Amino acid sequence: MMRFFPAVLLAALISGPVAVAQAEPSQPPVRVVCVEAAWCDVAAQIGGADVQTQALLATPGIDPHDLTPSPSMARAMAGATIAVVNGATYDDWALPFTASVPERIVVASLVGWRPGDNPHLFLDPVAVGKVAQVFADRLSHQPGISTLDVAERLAAFRKELEGVTARLAAMKARHDAVPVAAVEPVGETLLRDAGLAVVDENFALAIMNHAEPSPRDVAQVDMLVDGRKVRMLMTNPAIHSPQIDRLVDRAQAVGLPVVAIGETLPPGQSWQGWVHGILQTVEQALGDGGK
């Protein structure tokens with residue numbers, strides 16, 4: 001004998017499993033908060049849709065050394081699942097905000113930074129590579145994250161990083177030991193990897209640390225610029241002073257190229273795009289045509 005089910009019951013029997021599957025909540029993205037936009041870009045490239053990033057400092061022209069953090073910055077960092085802080089005295093004011101964060105990456109500790117080393121670690125390809133690997137490892141251990149997907153994105157980022165290091169090696173082959181001057185060492189690691197030699201390091205470090213350069217260091221950099229003993233003068237747009245303005249005026253007066261290297265990732269750019277842009281500007285100033 002055939003049995004007939006009410007239409008409502010039959011529809012429930014057919015659609016029941018589908019309705020349960022659609023009701024399963026999707027995994028929310030892992031919240032990543034960085035002090036600097038450059039570190040958040042690296043995290044976003046490796047994390048993809050699995051992460052939601054927020055940089056506390058994303059406006060060009062800000063000097064993190066002098067920043068007074070706001071309560072909203074503290075709240076944002078405290079709400080992270082993974083926090084990334086440069087450290088190295090650059091943004092140490094953010095370290096207390098990470099006390100309750102489940103995972104934190106302090107770049108200075110990761111790369112073995114020591115006092116006197118350059119603190120602008122986001123422009124050090126070796127440091128960036130180490131952070132990328134550690135971030136991928138930390139992200140892979142988060143619930144619901146595909147280790148395979150993270151590994152694929154990490155491999156893609158490493159390929160981009162290899163493009164940067166290859167360009168630096170090619171520049172070094174053409175410009176090894178070329179002397180340059182800098183008013184502040186924001187891009188010194190890149191310049192060194194490209195074979196260039198910053199010959200007024202004491203002057204640049206004093207400016208970075210908001211100290212008065214010694215008369216001897218001032219006289220030396222004046223001589224280097226006035227006599228065109230260097231191929232270019234590097235500046236940091238985030239740092240201004242009458243002394244820097246005077247030095248830039250002297251460089252321009254003798255036709256010496258002045259190249260600005262900022263310390264904040266420009267909006268809309270990737271880390272590797274930013275670095276390639278810096279290197280292209282340097283190559284053009286050296287008469288290399290930005291090859």
Check: When you scan the stretch 173-291 for strands (runs of 3 or more DSSP E) that lie fully inside it, which ones turn up with 1 or more residues that are of a type in the set (Gly, Ala, Ser) and in contact with a Pro (Cβ under 7 Å, 6 or more places away or on another chain)?
Finding: 258-260
Check: For the stretch 130-155, what are the residues that are open to solvent by 60 Å² or more (accessible area, probe 1.4 Å) and either closer than 15 Å to residue 29 by Cβ or touching a residue at least 40 places away in the same chain (Cβ under 8 Å) (or both)?
Finding: 138, 143, 144, 149
Checklist line | Members of the stretch 132-188 that are closer than 30 Å to residue 284 by Cα and β-branched (Val, Ile, Thr) | finding: 164, 165, 178, 180, 183, 186
Next item on the list: For the stretch 199-207, indicate whether the set of residues that are open to solvent by 50 Å² or more (accessible area, probe 1.4 Å), more than 30 Å from residue 43 (Cβ to Cβ) and hydrophobic (A, V, I, L, M, F, W, C) is non-empty.
Entry: yes
Notebook entry, point to check: Would you pick out the residues in the stretch 247-291 that are surrounded by 13 or more Cβ atoms within 10 Å (Cβ to Cβ), of a type in the set (D, E, K, R) and more than 25 Å from the chain's Cα centre (by Cα)?
Noted result: 250, 288
Margin query: Looking at the structure I just gave you, is residue 184 of a type outside the set (A, V, I, L, M, F, W, C) and open to solvent by 60 Å² or more (accessible area, probe 1.4 Å)?
Written below: no
Next item on the list: Go through (1) over 17 Å from the mean Cα position of the chain (by Cα); (2) modelled with pLDDT of 95 or more and name the single condition residue 174 misses.
Entry: (2)
Notebook entry, point to check: Any idea which of (1) within 19 Å of the chain's Cα centre (by Cα); (2) without any contact (Cβ under 8 Å) to a residue 60 or more places away in the chain is the one residue 169 doesn't satisfy?
Noted result: (1)
Checklist line | Which numbered condition residue 223 fails, given (1) more than 20 Å from residue 117 (Cα to Cα); (2) within 23 Å of the chain's Cα centre (by Cα) | finding: (2)
Notebook entry, point to check: Mind checking whether some residue in the stretch 149-171 is at pLDDT 95 or above and in contact with a strand residue (DSSP E or B) (Cβ under 9 Å, 6 or more places away or on another chain)?
Noted result: no
Checklist line | Condition check for residue 167: part of a helix (DSSP H, G or I), closer than 24 Å to residue 263 by Cα, open to solvent by less than 50 Å² (accessible area, probe 1.4 Å) and of a type outside the set (A, V, I, L, M, F, W, C) | finding: yes
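The values are calculated or read from the model by the stated rules, or taken from the named source; none is laboratory data. The model shown is predicted, which means the values in this text are computed figures rather than measured ones. When we count neighbours, we look across all protein chains shown, and the Cβ atoms used for this are built from the backbone with ideal geometry, even at glycine. Only protein heavy atoms, including side chains, enter the accessible area calculation; ligands, DNA and RNA are left aside. Shrake-Rupley method; radii C 1.70, N 1.55, O 1.52, S 1.80 Å.
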